[in-house]
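Notes for the one structure printed next.
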Amino acid sequence: MTIRFAAAAACALGLLLARNALGAGTALDIQSARGTGMAGAVTAMIDDSSAIFYNPAGIAQGRILDAQIGDSLIIPSFQYTSPQGTSTGSQFNVSPPFQAYEAGGLTDNLSIGVGVFTPFGLTVPWPPDWAGRSLVTKATLATYDFNPTVAFRVGPLRVGVGLQVERATVDLQRKIETGSAEVSTELGAAAWGAGYNAGAQLEAIEKYLSLGVHYRSAVKVDFTGAVHFDNVPLLFRGLLYDQLATTSLTMPDILQMGIASRPIPSLVLDADLVWNGWSKFRSIDIRFPRDASGQLGSHEAKNWNDTLNVHVGGEWSIDESWRVRAGVLYDPSPSPNSTLGPDVPDADRLNLAVGAGYRHACGVGIDLGYQFITLFDKTSTGVFAGTYGGNVNIVGISVSYRTPHSR
C-alpha cells in the first residue's frame, strides 16, 4: 500500500512535468506584437529584429539599428466536463511572457543581433478542491531562450543562423489522498538546454513575391526537481519525504515555410505552413536517485504525433506612420485522446488575430496585437476521462526603435 501511494505521487508529478513541456498549448509563437497581430504568418516577410525568433534571415536589412522590447499577456479559460456532465472551469490567471531583441548592420550585407524570449510556457490553475486535484491543482512552465544571431545578404537572398540557449523551469502542484489525510505535493525543477535555428528569405520577384523557410532545432533538457510533501501521515513518511526526481525531455523541432506577396505596394500578405516535431515525445521515464528500493521509477509510453499548422496574415501600411494587421491560424493538437489530461487541457485551436502599429519619424514605434483562441472540445479517454475545451485571450505590446527612413 505504501509503495503504491509513493509510486502514484512520483508518476503523476512526472506526467505533469512532461506534458507541460510538450503540450501544443504551451508553444508560444506570440513573440512580438507585430507577429501576434498577424497570427505568426511572417516567415517570408519579417524584416525587424523579432526575426531573430521568426526567421533570422530577416535581420539582414543593411546598416540600420532595430531594437524592441515587449510583453504578451496570456489569459486562458479552460473548461473540463466530466462524463457525468459536471463542468469545472480553471481559475483566472494572467501569464506575461516577455521578449526583447536588438539587431544591427555591420555592413550593407552583414547583420548581427540577439533576442531573449519565451518559446514555451503555460500556467493552468484549477480550483484547489476540484475533482481532478489528485492529478493537478496548478501547473506552471516557462522556458527562456537566449538567441544570438548572424545574417548575411547576397543579392535577393538572405540567410541567417542563431545559437539557442534555453533555460526551462517548472512548478507543479497536486494532492494525494492517502485515506487518512490529503497530502499536498509540489515539484520545482529547472534545466538547461541548447540548440540552433537557421533560416532564409528569397525575393523571388522583386517588390512582389518572397519565399521564406526557418528551422528551429529540438532542444533536450535534463530536469532535476525537488519534490516537497506536506501533511504526510506518519504511516507514509518513510516513502513520501522530500527528495530528488529527474527526467529528460526534448522540446520539438519546428520547420516553417512561407510565401509572401505584395499585390500593391502598401499591402503584404503571408501564408505559412509550420511543422512541429512532437513525435519525439514517445514516453515518460522518471528516475529517483535516492530510491534504494528501485520501486519509484516509472516508464509510460505516450506516442504523440507531429502536427502541421496553417497561418495566414496580412499587413496594410496606411501611410508612413500607421499599419494595421490581421491573421488566422489553425493549430491541431498532437495529443492522442488517450493521453489528454487537465495539466495541459489541449485541443485543436483556431486563432483570430488583429493588430496595429505606429512609428514616429524619429524612429520610435509602438505595436499592439490581439488574439482570440478557441479550443475545440476534445474528449479524453485517458486517466481523467472527460471533455476539454475553452478559450484564450492574448494581448501583445511592443515598443521599438528603428533607424529613421530605413523602411
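The values are calculated or read from the model by the stated rules, or taken from the named source; none is laboratory data. Not measured: the values here are computed from a predicted model. Because the Cβ atoms are built from the backbone with ideal geometry, glycine has one as well, and the counts that use them run over all protein chains shown. Surface areas here come from the heavy atoms of the whole protein model, side chains and all, with no ligands, DNA or RNA. Shrake-Rupley method; radii C 1.70, N 1.55, O 1.52, S 1.80 Å.
Running a GNM on the chain with Cα contacts under 10 Å, which residue among Pro127, Pro76, Pro56 ends up with the highest mean-square fluctuation?
Judging by the Gaussian network model, the answer is Pro127.
On a straight-distance basis, which lysines could pair with Lys220 in a cross-link, Cα separation under 30 angstrom, same-chain partners fewer than 8 positions away excluded?
Lys138, Lys175, Lys280, Lys302, Lys378
Leaving out ligands, DNA and RNA but keeping every protein chain, what accessible area does Thr374 have, in Å² rounded to the nearest 10, with a 1.4 Å probe?
50 Å²
Taking region 314-407 as the region of interest, what is the percent of Cα-Cα pairs per 5 angstrom bin, listed from the shortest bin to the one with the maximum distance?
Reading the bins upward from 0: 3, 12, 18, 14, 11, 10, 9, 8, 7, 5, 3, 1.
Just to be sure I understand, if you calculate mean projected area of the Cα convex hull in nm² for this structure, which of [x] 23.5; [y] 19.2; [z] 22.0 do you get?
Structure-derived value, by its label: [y].
So, with a 1.4 angstrom probe, what is the percent of accessible area on the chain that is carbon and sulfur? Before the final figure, lay out the partial values.
Working: 10150 of 16310 Å².
Ligands and nucleic acids excluded, carbon and sulfur give 62 percent.
Per residue of the chain, what 222 nm ellipticity follows from adding -39500 (n - 2.57) for every DSSP H run with n ≥ 4, rounded to the nearest 500?
Value at 222 nm, helices only, nearest 500: -2000 deg cm²/dmol.
Which whole-number value in Å² is the accessible area per residue of region 198-315, probe 1.4 Å?
Ligands and nucleic acids excluded, the figure is 48 Å² per residue.
Between Ala361 and Ser279, what's the calculated FRET efficiency when r is the beta-carbon distance and R0 is 56 Å? Round to 0.05.
0.65
Classify region 102-221 as rounded, prolate or oblate, taking a ≥ b ≥ c as the square roots of the eigenvalues of its Cα gyration tensor: rounded when a/c is under 1.5, otherwise prolate if a/b is larger than b/c and oblate if not.
Because a/c hits 1.5 or more and a/b exceeds b/c, region 102-221 counts as prolate.
When the chain is fully extended, how far beyond the present Cα-Cα distance does Glu320 get from Asn391, taking 0.36 nm per residue of separation? Spell out each step's value before the answer.
Working: separation 71, 0.36 × 71 = 25.56 nm, distance 3.56 nm.
Going from the current span to full extension adds 22.0 nm.
Mean separation of Cα pairs under 8 Å and 6+ residues apart, divided by the residue count of the chain: what relative contact order is that in percent?
This gives 20 percent for the chain.
Give the calculated FRET efficiency between Ser266 and Phe376 to the nearest 0.05, with a Förster radius of 25 Å applied to their Cβ-Cβ distance.
Values: r = 35 Å, r/R0 = 1.41.
Computed FRET efficiency for Ser266 and Phe376 comes out at 0.10.
Taking the chain as a Gaussian network, Cα atoms linked when under 10 Å apart, which of Ala44, Ala139, Ala181 shows the biggest mean-square fluctuation?
In this elastic network of the chain, the residue with the biggest mean-square fluctuation among Ala44, Ala139, Ala181 is Ala181.
Show Lys280, Lys302, Lys138 ordered by accessible area, largest first, where the area counts protein heavy atoms only and the probe is 1.4 Å. Walk me through the numbers before you get to the answer.
Values: Lys280 95, Lys302 5, Lys138 70 Å².
I get Lys280, Lys138, Lys302, largest accessible area first.
Viscosity 1.567 mPa s, temperature 4 °C: give me the Stokes-Einstein translational D for region 75-165 in µm²/s, with Rh taken as the Kirkwood radius over C-alpha pairs.
The diffusion coefficient I find is 77 µm²/s.
Please identify the longest segment of the chain free of exposed GluC sites (Glu not before Pro), where exposed means a DSSP state other than H, G, I, E or B and no more than 16 other Cβ atoms within 10 Å.
1-205
Round to the nearest 0.05 the FRET efficiency obtained for His299 and Phe152 when R0 = 51 Å and r is the Cβ-Cβ distance.
Details: r = 46 Å, r/R0 = 0.90.
Step by step, r from the Cβ atoms, then E = 0.65.
With θ taken as phi - 60° and the coefficients 6.51, -1.76 and 1.60, list the Karplus ³J(HN,Hα) couplings across region 229-238 in order, rounded to whole Hz; mark glycine and proline as x.
In residue order, the calculated couplings are 10, 10, 6, 8, x, 3, 4, 10, 6, x Hz.
Can you give the angle from 0 to 90° between the axis of helix 2-22 and the longest principal axis of the chain, with both taken from C-alpha atoms, to the nearest 10?
Between the helix axis and the principal axis of the chain, the angle is about 10 degrees.
Run the paramagnetic zone check for Met257: 7 angstrom along Cα to Cβ, then residues of region 202-222 with backbone nitrogen under 20 Å.
In region 202-222, the label zone of Met257 (backbone N under 20 Å from the point 7 Å along Cα→Cβ) covers 202-205, 209-218.
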